[in-house]
Amino acid sequence: MASLFKDPTKLSAYRDRRFSGMQEEYEEALLTSTTIYVGNMSFYTTEEQVYELFSRAGEIKKMVMGLDKNSKTPCGFCFVMYYSREDAEDTVKYISGTILDDRPIRVDFDWGFQEGRQWGRGRSGGQVRDEYRTDYDPDILFTPFFNYTIEFVQLYCFVVLCLSLGGYGKIVQKE
Ligand code: GTA
């Protein structure tokens, strides 16, 4: 039977292009690391929210929010460093796929945080993936849709109100 939880012994296909070692060294780092990468986050999720969720798996040593290198604002990812490997594995197993701020977050083992890795590497300043994506997450797709719908309903109500007030004015004038 398929498990609901992500298997922490299976590594993802992601490889950091800036890791200077060999593939075996990269895999070894992932298999022993206490750092996890969290992706597909909302740009509005705060450090406090991330801390609240991820500290459920174990004591957090350090957390680094991913930032747009131009605007210096959160751009959808972060790194969480634990004291123990077990806690990092539990995070990958149980927290990956959790909905945080309406988005299913993705938790992946990471080879280890280094200064500079907190910046988005895309040309626009955010993450590279955001420049190539065609599969937008539901809240990105639907939020503008709902916003437009609400604006349309507001405009419709405003027009109806104006028309009825205009009609009422004419009746009052006649009387
Ligand atoms: N541990 O999954 C991850 C992960 N990701 C996606 C980013 N980081 C990750 N770390 C782990 N696991 O420190 C880390 C990076 C860096 C920081 C910001 O987050 O190591 P980034 O997302 O801006 O840039 O990184 P990165 O990772 O160097 O981008 P990369 O590898 O080129 O592309 C990421 C994804 O974008 C690809 O998997 C693919 O889905 C998409 N993509 C890239 N190029 C193309 C293309 N030409 N066409 C279509 N899709 C593309």
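Bear in mind that the values in this text are calculations on the coordinates, not laboratory data. Remember, predicted model here, so these are calculated numbers, not experimental data. We place every Cβ from the backbone using ideal geometry, glycine too, and count neighbours over all the protein chains shown.
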HN-Hα couplings for segment 32-46 via Karplus (6.51, -1.76, 1.60; θ = phi - 60°), in whole Hz with x for Gly/Pro, come out as 10, 5, 10, 9, 10, 9, 10, x, 6, 7, 6, 5, 9, 5, 8
Note, segment 81-98: 3J(HN,Hα) by Karplus (6.51, -1.76, 1.60, θ = phi - 60°), whole Hz, Gly/Pro = x, goes 10, 9, 7, 10, 5, 4, 5, 5, 5, 4, 5, 4, 6, 9, 9, 4, x, 4
Length gained if SER55 through TYR132 is fully extended, taking 0.36 nm per residue and subtracting the Cα-Cα distance, is 24.5 nm
For segment 1-109, percent of DSSP beta bridges that are antiparallel (nearest 5) comes out at 100
In nm, the gap between the two label points placed 7 Å beyond Cα toward Cβ at ARG18 and VAL160 is 5.4
Checked segment 14-100 against the a/c 1.5 cut and the a/b vs b/c comparison, axes a ≥ b ≥ c from its Cα gyration tensor; verdict oblate
